[in-house]
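Taken together, the values in this text are just the output of simple stated rules run on the coordinates, not laboratory data. Everything quoted here is computed from the prediction, not taken from an experiment. All Cβ positions, even for glycine, are placed from backbone atoms using ideal geometry, and neighbour counts span all protein chains on display.
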2 protein chains.
Amino acid sequence: MKAWALSGAPKQLWPKDLNQQLLTAKKSGDLIIGVDRGALLLKEMGMKIDVAEGDFDSLQKNELRLIEQNVRDIRYSIPEKDLTDTEMAIRCAFIDYHVSYLTLFGATGGRLDHFLSNLFMVLKPEFNQFAEKIELIDQQNSIRFYNCGHHVIKKLSTYKYFGVIPLTAVKNLKIAGAKYNLNDFNGVNPISFSSNEFLLNVNQFGLSFEKGVVAVIQSRDVNRFQNIK
Amino acid sequence: MKAWALSGAPKQLWPKDLNQQLLTAKKSGDLIIGVDRGALLLKEMGMKIDVAEGDFDSLQKNELRLIEQNVRDIRYSIPEKDLTDTEMAIRCAFIDYHVSYLTLFGATGGRLDHFLSNLFMVLKPEFNQFAEKIELIDQQNSIRFYNCGHHVIKKLSTYKYFGVIPLTAVKNLKIAGAKYNLNDFNGVNPISFSSNEFLLNVNQFGLSFEKGVVAVIQSRDVNRFQNIK
C-alpha cells in the first residue's frame, strides 16, 4: 500500500490533476492522509480521508468538527511539539500503516520555514530511513531524496529540467549521462546544481555519491511566464 | 546606495506593495537590477532599470530588444555558466556598484532548484562576505542570513512567525527571548526550527552561534487560507 498526503500550503501550487491522482490512489486502496488544514482541503474536494493529523490550529471549530465527523483515525498534536505535522504523518504512514511510499502534496511554497522543515526532514536520523520513499510534488516540481550509493534517475514526463542538490556534505558526487555532468564533487555545505537537463532521447541519468543526502528536483516552467504581454 | 533586484519567479508571490517599494527606492537614488526575465517584468511595471543581467533565454527576441533599448548597463551571461544569474547580479551590485545592501524579489517559489540556488548562494566562499547584506522577500516571507556571532533580530511588522534555519553545521546555537528558546544546539546538517514567534511586546530576539551560516525567515499566513469555504 502507498500513501498520499495533502498539507496546507497554497492550493495554487497543486498539480492540475491532483483530484484525479487522489481518486486513482483511493481506488487502488491506498492511504489518504490529511495534514492539518490539508484534511479540510481534502474534505472540500470530496475525498474520503483515512487519517487526519495535526494540531489543527489553522482550522475553525466548525471546520474541525467536520473533520471529526468524517475521519475515523485522527491524531491530535500539540502546537508546542518537537515533531512537525508532516513528520507525524510520515511516522504514521510508515510505522503504523506500513506503507511502501509516500507522496506529499501541499508541502512546498507558502511559509518557507515550513517548506524547509519538509525539505530537511529526511536529514534527521529518525526519518532518514524513509528518504528514498518520500516524494514532494507541486505544480512545477517533483522532489525526491537519495542516500549515498549509485542511483539511476528516471525522467518524469512533463518535466524539462532537473537540479541535483546535496543537502549535506557529500563525497565524490557524480552526475553522468546528463547535459551537464559532474565528476567527483566534494563539498561540506548544501549547494544546488540547478537547471540541468536530460540528454535527448535518454530518459535517465546516473547519480552516485559516497556520503550524505542529495535531493533531485525535476522541474518545469509554467506557461504563464511565457505569455506575459 | 542600496540595490533592489527582481528575478523571474512567479508574480503571484510578489509583495503587494512591490511597485511602491521600488518607486521609493528609485527616488532615493538606489540601484534597480533586472535579473533575466525580471528585467522584462520591471519594464512592464514602468520601472527605469539601471542594470539588466542574465542569459535572457526566457525572453523572446522582441522582449530582449525592448530591454536593450531601455537599459544602459546590460550583462549577458551564457547559459552554460558556473554562476547563476542571481550570483552575477550580486557580484555586480556589491563589487561593481559598491552597494551597501541588496533586496531581492522574485527569487523564491517557481522552480525550486532555482530557489535553493538562491538560498544556498551565501554558503559559497565568494558570496559569504555578502550574506548579512542580502534579503530575499516574497508575499509571505523575508529571508535574511547571518554568519557566526551574536545578533539581535528585529521583528518586521506584518510578519507573525519566524523560523531559524541553520543551513550548515552550527555550534552552540542559541535562541533567546523568543516564544521557543534554544540553548547550545549543535548539529552537522541543515534543519528548520520553524513556527517560532516573538514574545508579546518584545520586538526582537537574540540569536548566537559559533560556527556556520543561519537563515532567519520571518513569515506570515495569508488570508486566503483562513477563508476557504
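One table, with the values for the structure above:
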item	result
Contour minus Cα-Cα distance for B:V222 and B:L156 (0.36 nm per residue)	22.2 nm
Within the protein assembly as shown, helix-based [θ] at 222 nm, where runs of 4 or more DSSP H residues each add -39,500 (n - 2.57), nearest 500	-5500 deg cm²/dmol
Rounded to 5, percent antiparallel among DSSP beta bridges of the protein assembly as shown	65 percent
Cα-based shape type of region B:3-139, given that a ≥ b ≥ c are square roots of the gyration tensor eigenvalues and the cut on a/c is 1.5	rounded
Residue-wise HN-Hα coupling along region A:26-42, computed from phi with Karplus coefficients 6.51, -1.76, 1.60 (Hz; x: Gly, Pro)	4, 4, 7, x, 6, 8, 10, 10, x, 9, 6, 4, x, 4, 5, 5, 4
For region A:72-142 and region B:93-155, distance of Cα centres in Å	27 Å
Mean Cβ neighbour count within 10 Å, used as a protection proxy, ranking A:131-140, B:35-44, A:89-98 highest first	B:35-44, A:131-140, A:89-98
Under-5 Å amide H pairs with A:D55, H placed in peptide plane, nonlocal only	A:S77
Cα-Cα pairs of region B:142-225 separated by more than 21 Å (percent)	23 percent
Other copies of B:K155: label-to-label distances in nm, shortest first, labels 7 Å along the beta-carbon direction	5.1
For A:D73, distant residues with modelled amide H under 5 Å away	A:A52
Teacher prompt: B:N19 distances to equivalent labels in other copies, 7 Å Cα→Cβ, nm	3.3
Shape of chain A, Cα gyration tensor, a/c cut at 1.5	prolate
Taking all pairs of distinct alpha-carbon atoms in the protein assembly as shown, Kirkwood radius in angstrom	22.9 Å
Exam field: A:K211 pseudo-label spacings to other copies (7 Å along Cα-Cβ), nanometres	1.3
Segment B:E126-B:I95, extension gain: residue separation times 0.36 nm, minus the distance between their alpha carbons	10.0 nm
Rounded, prolate or oblate (a/c below 1.5 giving rounded, otherwise prolate when a/b exceeds b/c) for region A:124-178 by Cα gyration tensor	oblate
Taking B:T86, A:T84, B:T24 and counting other C-beta atoms within 10 Å, the order from fewest to most	B:T24, A:T84, B:T86
B:K2 long-range amide H proximity, modeled H, under 5 Å	B:L31, B:S100
Table column - 3J(HN,Hα) (Hz), region B:5-16, Karplus curve with 6.51, -1.76, 1.60, x for Gly and Pro	10, 10, 9, x, 5, x, 3, 4, 8, 5, x, 4
